[in-house]
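Have a look at the structure below, then the notes.
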There are 2 protein chains.
Amino acid sequence: MITNMRPLTIAKLAEASGVHMETVRYYERIGLMPKPSRTASNYRSYGPEHVERLSFIRRAREIGFSIGEIKELLVLAEPGRTSCTEVQTLTAAHLGKVRTKIADLSKLEAILAGALERCLVEPAPVCPVLGMLASPRIPESVRSRRD
Amino acid sequence: MITNMRPLTIAKLAEASGVHMETVRYYERIGLMPKPSRTASNYRSYGPEHVERLSFIRRAREIGFSIGEIKELLVLAEPGRTSCTEVQTLTAAHLGKVRTKIADLSKLEAILAGALERCLVEPAPVCPVLGMLASPRIPESVRSRRD
DNA sequence: GATAAGGTCCGTAGTAACTACGGGGTCAAG
DNA sequence: CTTGACCCCGTAGTTACTACGGACCTTATC
């Protein structure tokens, strides 16, 4: 793939990197992607380096990094940077959040599954799910962070 | 707690149900909470039934139901409704989403943890985390649903 | 060369579920 | 009667996009 790559239109860039066209423009607006050069008719013109950067961004988003974190990662990924430690710090923090979320969701899973099971088993004078929601306390106070 | 409860101000209602005051007004705007009666000076005035409803809403939110789902649940929870089955359907669907999310996040966890571990083990000519983000494919294509 | 289809431009607004702000009226205590 | 706490309302900001609409531009066909 080291062929001669002519400049890409925004749609081609979008396709090549797996990101919607509108999202590319959005990333440009918020400064996540650089302003590209333009054709005579004011069309955006991209090169392979943009595909690379945008793909990096997409993968980082898929892994759940926020835009702010990705901005940091992109700085740390700049050539000349050898520092793996800062990236590790960011990643570890993110991993912590992921684990917290998994733990929260696992509790929810247990609660929901439990209520559903009671639905099937009990004679159910009142629906167990509704009963749970109406009751003053949910077992062990599930405090799920914002979805 | 079957004492005589005089009307509550919005702040009291908020405190009693564990929801922010602004959120109460927001819920009123979107029709999740009914428009309460007002005092002579146009202050909102709430009774115990509002505490109950708002608490129900808070718990349902904590369990991860969306506002739309909660609206449905509230209808199903109306007195005279015996139908547990519709609630079960909603809950089962929600449980499915929770499980999907857990599965997605577990994959992410493995990926992040793996990269972090390689950070510590390898001599690391290039940071494994950044390498992963720069490489064309992420193992097994993690397609995480929107957070 | 004309015309039609499709690509791109831009700014704006909508999404979920709130949270925060600002300028104003109201109530209770000292 | 003044101070501080409370409440009113509408609006805007948050996150990460997605969608819309009207105006250009390019490419293909006739």
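The values are calculated or read from the model by the stated rules, or taken from the named source; none is laboratory data. Being a predicted model, the structure only gives us computed values, none of them experimental. Cβ: placed from backbone, ideal geometry, glycine included. Neighbour counts: every protein chain shown. Heavy atoms of the whole protein, side chains included, go into the accessibility calculation; ligands, DNA and RNA do not. Shrake-Rupley method; radii C 1.70, N 1.55, O 1.52, S 1.80 Å.
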Practice task
Report whether or not A:P34 is within 14 Å of chain B (Cβ to nearest Cβ), more than 30 Å from B:L105 (Cβ to Cβ) and open to solvent by 50 Å² or more (accessible area, probe 1.4 Å).
Solution key: no
Completion exercise
A:Y46 vs (1) under 26 Å from A:K101 (Cα atoms); (2) crowded, with 17+ Cβ neighbours inside 10 Å; (3) among the hydroxyl-bearing types (S, T, Y): all pass except (1)
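Condition check: part of a helix (DSSP H, G or I) and at the interface with another protein chain (Cβ under 9 Å from one of its Cβ atoms). Does A:S106 satisfy that? Step through it out loud before you land on a result.
Details: part of a helix (DSSP H, G or I): yes; at the interface with another protein chain (Cβ under 9 Å from one of its Cβ atoms): yes.
In short, yes.
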Problem - Selection count, segment A:52-75, where residues are within 11 Å of B:V129 (Cα to Cα) and surrounded by fewer than 18 Cβ atoms within 10 Å (Cβ to Cβ) - result: 0
Practice task
Mind listing whichever residues of segment A:75-126 are in contact with a Leu (Cβ under 8 Å, 6 or more places away or on another chain) and closer than 30 Å to B:A93 by Cβ?
Solution key: A:H94, A:L95, A:V98, A:K101, A:I102, A:L105, A:E109, A:L112, A:A113, A:L116
Fill in the blank from the handout: For segment B:34-59 the number of residues that are assigned to a loop (DSSP other than H, G, I, E, B) and within 12 Å of DNA strand D (Cβ to nearest atom) is 7
Completion exercise
If we keep only residues of segment A:60-102 that are within 16 Å of B:E117 (Cβ to Cβ) and not in a helix (DSSP H, G or I), then the residue nearest to the other protein chains (Cβ to nearest Cβ) is A:C84
Handout entry: Output for segment B:88-131, where each listed residue is of a type in the set (K, R) and either closer than 27 Å to B:E69 by Cβ or in contact with a strand residue (DSSP E or B) (Cβ under 6 Å, 6 or more places away or on another chain) (or both)
Key = B:K97, B:R99, B:K101, B:K107
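Looking only at segment B:83-123, count every residue that is over 31 Å from the mean Cα position of the chain (by Cα) and either among the acidic types (D, E) or open to solvent by less than 30 Å² (accessible area, probe 1.4 Å) (or both) and tell me the total.
Residues of segment B:83-123 that are over 31 Å from the mean Cα position of the chain (by Cα), as a first pass: B:117-123.
This time we only want the ones that are either among the acidic types (D, E) or open to solvent by less than 30 Å² (accessible area, probe 1.4 Å) (or both), so: B:117, B:119, B:122.
The number of residues fulfilling the criteria is 3.
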